[in-house]
1. For the range 52-118, which fully contained strands (runs of 3 or more DSSP E) count at least 2 residues that are within 30 Å of Arg248 (Cα to Cα) and in contact (Cβ under 8 Å) with a residue 60 or more places away in the chain?
2. Could you tell me whether any residue of the range 104-111 is among the β-branched types (Val, Ile, Thr) and modelled with pLDDT under 95?
3. Identify, by number, the condition in (1) within 25 Å of Ala124 (Cβ to Cβ); (2) not in a loop (DSSP other than H, G, I, E, B) that Pro189 doesn't meet.
4. So Asp24 fits all but one of (1) in a helix (DSSP H, G or I); (2) surrounded by fewer than 16 Cβ atoms within 10 Å (Cβ to Cβ); what number is the exception?
5. Hey, among the residues in the range 114-144 that are within 20 Å of the chain's Cα centre (by Cα) and among the β-branched types (Val, Ile, Thr), which one's modelled with the lowest pLDDT?
6. Residues that are over 24 Å from Leu211 (Cα atoms), in contact (Cβ under 8 Å) with a residue 12 or more places away in the chain, touching a Ser or Thr at 6+ places or on another chain (Cβ under 7 Å) and of a type outside the set (Gly, Ala, Ser): does the range 124-139 have at least one?
7. Farther than 19 Å from Glu53 by Cβ, in contact with a Phe, Trp or Tyr (Cβ under 8 Å, 6 or more places away or on another chain) and either in a loop (DSSP other than H, G, I, E, B) or open to solvent by less than 20 Å² (accessible area, probe 1.4 Å) (or both): which single residue out of Thr153, Thr198, Thr206 fits that description?
8. Looking at (1) outside any loop (DSSP other than H, G, I, E, B); (2) open to solvent by 50 Å² or more (accessible area, probe 1.4 Å), which is the only condition Leu161 fails?
Amino acid sequence: MLFSETLASMQPLSSGWRAHIGEDWSQGRATFGGMVAALCNEAMRRLVPADRELRGLDTTFAAPALVGEVSIDAEVLRAGKAVTIARSRLWSDGKIAATLTGIYGAARVTALSITPTVAAGVRAVEDLPESSTAAIGGPSFLQHFAYRWAEGTRPFAGSSLRTSKIYVRHQDPAPLTESHVVALIDSIPSMILQLMTTVAPSSSLTWTVQLIRHDFSFPPEAWWRIDAEVNSAGSGYSCESCVLIDPRGRPAAVARQMVAVFG
């Protein structure tokens with residue numbers, strides 16, 4: 001199922017919605033975390049006015065979201081003059097798989113405007129070969145994205161580099177939406193894996209995203225870039241951060257996650 005088809009599978013229940021996730025969106029025994037976050041964002045969006053732009057998502061992955069049918073609930077916690085705070089939960093096999101808090105806010109006049117610095121001198125996407133899913137290795141959901149590495153390497157390559165710069169795009173021909181971009185931010189392999197020499201499972205525990213820009217007018221085939229970094233690692237956990245750069249070279253979002261590494 002394409003990304004847009006999975007979002008379109010959401011159907012109302014007496015309390016919340018149900019959706020169907022195909023096996024091609026699996027990440028080990030769980031569903032790709034970006035899909036989980038996107039579905040919950042879609043649920044909250046049904047309760048939040050469109051003129052309140054997504055400012056941030058805070059996600060806790062409590063248990064594996066299994067492929068097949070899942071259920072989603074959502075509620076508005078507070079609707080102020082400028083900001084709406086909502087909560088959503090995704091249920092799988094009768095258990096809570098993820099909880100999300102969404103911050104949606106109208107733009108306001110401010111004296112400050114600060115954005116992340118975008119690295120200069122990065123090789124252009126046109127000069128890079130596309131990496132096949134087989135070459136990258138790893139979970140099934142990767143087939144739904146295209147990748148070109150400008151810096152860094154594939155997982156479990158034993159690299160000493162703590163950073164990566166990866167061009168990425170959806171393989172879905174449908175027009176880009178806010179939820180497409182949410183999933184895109186989570187689409188690259190966990191950064192800590194490229195430092196490892198042996199294959200070992202990993203799992204995101206928490207994931208925080210802040211959207212800086214809300215321009216989704218790019219064609220589906222346009223390349224975005226994710227500049228990622230391992231900030232710290234030890235005792236079986238890794239803290240990682242990244243900046244999403246839009247096809248015009250502007251920072252569009254920042255994200256941070258905690259990853260459990262079993263190896």
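1. Numbers: elements: 53-61, 68-79, 83-92, 95-105.
Fully inside the range 52-118 and qualifying: 53-61, 95-105.
2. Looking only at the range 104-111, we keep the residues that are among the β-branched types (Val, Ile, Thr), and these are 109-110.
Next, only the ones that are modelled with pLDDT under 95 stay: 109-110.
Yes, the conditions are met somewhere in the range 104-111.
3. Of (1) within 25 Å of Ala124 (Cβ to Cβ); (2) not in a loop (DSSP other than H, G, I, E, B), only one is false for Pro189: (2).
4. (2) is the only condition that Asp24 fails.
5. Among them, the one singled out is Ile136.
6. Checking the range 124-139: at least one residue is over 24 Å from Leu211 (Cα atoms), in contact (Cβ under 8 Å) with a residue 12 or more places away in the chain, touching a Ser or Thr at 6+ places or on another chain (Cβ under 7 Å) and of a type outside the set (Gly, Ala, Ser).
7. Working: Thr153 fails: in contact with a Phe, Trp or Tyr (Cβ under 8 Å, 6 or more places away or on another chain); Thr206 fails: either in a loop (DSSP other than H, G, I, E, B) or open to solvent by less than 20 Å² (accessible area, probe 1.4 Å) (or both).
Only one candidate qualifies: Thr198.
8. Only one criterion is unmet by Leu161, namely (1).
The values are calculated or read from the model by the stated rules, or taken from the named source; none is laboratory data. Everything quoted here is computed from the prediction, not taken from an experiment. When we count neighbours, we look across all protein chains shown, and the Cβ atoms used for this are built from the backbone with ideal geometry, even at glycine. Side chains included, ligands, DNA and RNA excluded: accessible areas come from the protein's heavy atoms. Shrake-Rupley method; radii C 1.70, N 1.55, O 1.52, S 1.80 Å.
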